[in-house]
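Reviewing the structure listed below.
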Amino acid sequence: MNEAAKYQTTDTLDRSIRDLRVSVTDRCNFRCIYCMPREIFGTGYKFVPRNDLLKLEEIARITRLFAGHGVRKVRITGGEPMIRRNLERLIEMLRDIDGVTDISMTTNASMLTLKRAQSLRAAGLNRINISLDAIDEQTFQRINDVDFPVAKVLEGIDNAHAAGFDTMKVNAVIRRGYNEHSILPLAQHFYGTGIVLRFIEFMDVGTTNKWNLEEVISAAELVEIIDKEMPIESLQPNYSGEVAKRWRYSDGGGEVGFITSVTQSFCGDCSRARLSAVGKVYTCLFAATGQDLRGMLRAGASDEELSRLIGRIWSQREDRYSELRGQIPVTTETPPRVEMSHIGG
Ligand code: SAM
Ligand code: SF4
Ligand code: SF4
């Protein structure tokens, strides 16, 4: 059935639904200190049992129904998505969905061998974003907290490039007191490579990373630090709703981006829905609860019934957390927010 643009679903703030982020697992081989801190996600932490994870066919079916409401881009994430078995099979299924024009993946690149990069490409993956928060061994290992060597991530980037992923982005979360000394070395490393480095402001996602505003290095500060040593100038966005602010090196060394989730919100045109590994739909990165699709799906609901629920979830959406950040008092009654490793950023 052709699901492409069957409905033009918009939310209460007239925002369409264009992007679906699909978390394929809540597990990860890293314990990044700002995402899955070891003291919480270490021994004894209960990850989702395998049977509770959406099956690949279930993910594809839900994605197809989302495409019917306007989704065009799908991003595969996690946890670490490359841990999930038969990921290539999922990508093949997603590629065949009418209306889906772009499939990307965010990964820590620790498992990105040349063979895997090639098979992901052959399956239909269009783009890869790689997370790398430091270029020096000591800082990187302090952040990933599993002694994972930086050279292996750089090898993963090379492998992706060799497999034909030629428009790669590298994302770096900068947290004051941990890796601000990595800003310039990262910029220097990716300067002139064609890879777009994007700095992400440390966000108050979830409840386990002990976020506080003092640890956020604003994009304005990041721009200043880079501009002083490597002059940059701002660029127009590629399209409306683009999350990263685009800049380029004035001498032609390429582009660099800044994701200003904390200091300049971009809720106004946020077109992203998130599907967790257990089949819950979240309409905001900072949501406390998601709406369960898996229960209904496994109880035998028809496509029409599921699609109606998706339409209802989106049309009732009123999220704009980043715009309101600071105005919402946090109290003991405030429900805990979903963790990043469940919905994948
Ligand atoms: N494991 C994969 C990876 O690291 O690329 C995919 C999932 S990870 C949750 C997705 C992205 O979220 C990563 O780029 C990570 O750096 C980012 N992230 C996680 N916690 C964050 C936080 N508190 N603030 C900003 N970005 C965060
Ligand atoms: Fe794993 Fe990605 Fe979270 Fe790091 S940021 S712990 S690699 S899910
Ligand atoms: Fe979208 Fe929520 Fe982020 Fe605003 S805070 S941009 S609504 S995910």
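For the reader, a short list of remarks on this structure follows.
- Any pair with Cβ under 7 angstrom, 6 or more apart, that starts in the stretch 169-195 at a residue that is over 15 Å from Ile225 (Cα atoms) and ends at one that is among the acidic types (Asp, Glu) and at pLDDT below 95: Gly177/Glu215
- Pairs, first in contact (Cβ under 8 Å) with a residue 40 or more places away in the chain and closer than 17 Å to Tyr178 by Cα in the stretch 200-212, second within 12 Å of ligand 2 (Cβ to nearest atom) and among the hydroxyl-bearing types (Ser, Thr, Tyr), C-beta under 6 Å, six or more apart: Asn209/Tyr34
- Residue match in the stretch 147-157 (condition: acidic (Asp, Glu), exposed (fewer than 14 other Cβ atoms within 10 Å of the Cβ) and over 24 Å from Gly344 (Cα atoms)): no
- Which numbered condition Cys284 fails, given (1) farther than 26 Å from Met168 by Cβ; (2) within 16 Å of ligand 1 (Cβ to nearest atom); (3) not in a loop (DSSP other than H, G, I, E, B): (3)
- When the stretch 211-235 is filtered for residues that are over 26 Å from Ile157 (Cβ atoms), within 20 Å of the chain's Cα centre (by Cα) and assigned to a loop (DSSP other than H, G, I, E, B), the ones remaining, listed by number, are Trp211, Ser218.
Residues checked against (1) within 16 Å of ligand 3 (Cβ to nearest atom); (2) touching a strand residue (DSSP E or B) at 6+ places or on another chain (Cβ under 6 Å); (3) at pLDDT below 95; (4) under 27 Å from Arg176 (Cα atoms):
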site: Arg75; (1), (2), (3), (4): yes, yes, no, no
site: Gly79; (1), (2), (3), (4): no, no, no, yes
site: Ile83; (1), (2), (3), (4): no, no, no, no
site: Ile97; (1), (2), (3), (4): no, no, no, no
site: Leu112; (1), (2), (3), (4): no, no, no, no
site: Asn129; (1), (2), (3), (4): no, yes, no, yes
site: Ala134; (1), (2), (3), (4): no, no, no, yes
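- Among residues of the stretch 74-86 that are within 6 Å of ligand 1 (Cβ to nearest atom), those with a Cβ under 6 angstrom from a residue that is open to solvent by 40 Å² or more (accessible area, probe 1.4 Å) and not in a loop (DSSP other than H, G, I, E, B), sequence gap 6+ or separate chain, pair up as Thr77/Arg21.
The values are calculated or read from the model by the stated rules, or taken from the named source; none is laboratory data. The model shown is predicted, which means the values in this text are computed figures rather than measured ones. Methodologically, a virtual Cβ is constructed for each residue, glycine included, from the backbone with ideal geometry; neighbour enumeration extends over all protein chains shown. Surface areas here come from the heavy atoms of the whole protein model, side chains and all, with no ligands, DNA or RNA. Shrake-Rupley method; radii C 1.70, N 1.55, O 1.52, S 1.80 Å.
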